[in-house]
Amino acid sequence: LLLDEPSAGLSPALQDDVFVNCQTINDAGVGIIMVEQNAQRCLQIAHRGYVLATGRNQVEGPGAQLLGDPEVARLYLGG
């Protein structure tokens, strides 16, 4: 399943529904490739993530690992 910004323009409650449904779909055995600006929420459920900056792959790894990566925080999570 390919998704491009599935949470864009949605209320926070509907964004949560999108990510919960993505997790359910993935748990059923469907692979998902997602492009998403909400990096923090997406990385919470991602098996693997790739963080792009200025059009290039800057950091990659398991989603949970990327959530704690200082470089990812600097590039995308505002810290």
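What to note about this one:
- Dipole orientation for the chain: of the candidates Leu2, Thr24, Gly55, Gly55 has the Cα lying most toward the positive pole (charges on Cβ; Lys, Arg +1; Asp, Glu -1).
- The chain, accessible area per residue, ligands and nucleic acids excluded (1.4 Å, Å²): 65 Å²
- For the chain, the equivalent ellipsoid built from the Cα gyration tensor has semi-axes of 21, 14, 12 Å, listed from largest to smallest.
- Heavy-atom accessible area order for Ile45, Ile25, Ile33, largest first, 1.4 Å probe: Ile33, Ile25, Ile45
- For region 1-66, carbon and sulfur atoms together expose 55% of the accessible surface, with a 1.4 angstrom probe and every protein chain in place.
The values are calculated or read from the model by the stated rules, or taken from the named source; none is laboratory data. Everything numeric here is computed off the predicted structure, so don't read it as measured data. Reconstructed Cβ throughout: ideal geometry from the backbone, glycine too, with neighbour counts over all protein chains shown. SASA here: full protein model, heavy atoms, side chains in, ligands and nucleic acids out. Shrake-Rupley method; radii C 1.70, N 1.55, O 1.52, S 1.80 Å.
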